[in-house]
Amino acid sequence: MLEAAGLKVYVGGVEGLPVFPYCVLYFPNAARDSEALNGSGDRARFPFQITSVGGSDDQASWVAEKSQAALIGQTPVVPGRTCWRIEDTDYSNPIRYDPDVPNRRTYFGTDGYTIASTPGGPT
């Protein structure tokens, strides 16, 4: 979804100094929902974070806007799972300068999202 929106995507981090702008996708472990209505506890929530990065605050903001438009409300297709629409969470950090990147000006911001699914669905 992100690459289809024209974004350069890295998963879990970057090495070196990639060309701006880009985003980094971080997936922590899935969380089981023990309060499923049917009592099965098979619903899984997958929170994830997009870090939007650019050489200026405008570039990082552009990445954030493109990734939000590409994700929010979309329903992923995962073999063997029934998925709900991707939702944004209240977790986000505004675009800001990163003084820890050596030898170039770097700006970044973060946004959180969640995918929820249950077993079954497309195979």
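The values are calculated or read from the model by the stated rules, or taken from the named source; none is laboratory data. Predicted model only: the values in this text are computed from it and were never measured. Ideal geometry is used to build each Cβ from the backbone, glycine not excepted, and the neighbour counts take in all protein chains shown.
Determine if the range 70-78 includes at least one residue that is exposed (fewer than 15 other Cβ atoms within 10 Å of the Cβ), of a type in the set (A, V, I, L, M, F, W, C), over 15 Å from the mean Cα position of the chain (by Cα) and modelled with pLDDT of 90 or more. Scanning the range 70-78 turns up at least one residue that is exposed (fewer than 15 other Cβ atoms within 10 Å of the Cβ), of a type in the set (A, V, I, L, M, F, W, C), over 15 Å from the mean Cα position of the chain (by Cα) and modelled with pLDDT of 90 or more.
Here's the yes/no breakdown for (1) of a type in the set (A, V, I, L, M, F, W, C); (2) touching a Ser or Thr at 6+ places or on another chain (Cβ under 6 Å); (3) over 14 Å from Tyr113 (Cα atoms); (4) free of Cβ contacts under 8 Å to residues at least 24 places away in the same chain:
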| position | (1), (2), (3), (4) |
| --- | --- |
| Ser56 | no, no, yes, no |
| Ser61 | no, no, yes, no |
| Gln68 | no, no, no, no |
| Ile72 | yes, no, no, no |
| Pro76 | no, no, no, no |
| Pro79 | no, yes, yes, no |
| Thr82 | no, yes, yes, no |
| Pro99 | no, no, yes, yes |
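Within the range 54-81, the only residue that satisfies the criterion of being part of a helix (DSSP H, G or I) and farther than 20 Å from Glu3 by Cα is Asp57.
Hey, does the range 5-19 have a residue that's of a type outside the set (Phe, Trp, Tyr), assigned to a strand (DSSP E or B) and modelled with pLDDT under 85? It would help to see each step written out before you state the result.
Narrowing the range 5-19 to residues of a type outside the set (Phe, Trp, Tyr): 5-9, 11-19.
After this cut, where a residue has to be assigned to a strand (DSSP E or B) as well, the list is 9, 11.
So of that shortlist, the ones also modelled with pLDDT under 85 come out as none.
No, that holds for no residue.
For the range 82-123, filtering for residues that are surrounded by fewer than 12 Cβ atoms within 10 Å (Cβ to Cβ) and either in a loop (DSSP other than H, G, I, E, B) or over 20 Å from the mean Cα position of the chain (by Cα) (or both) leaves 9.
Counting only residues that are modelled with pLDDT of 80 or more and of a type in the set (Asp, Glu), the range 20-63 holds 2 of them.
Scanning the range 66-103 for residues that are among the small types (Gly, Ala, Ser) and under 25 Å from Val53 (Cα atoms) gives Ser67, Ala69, Ala70, Gly73, Ser92.
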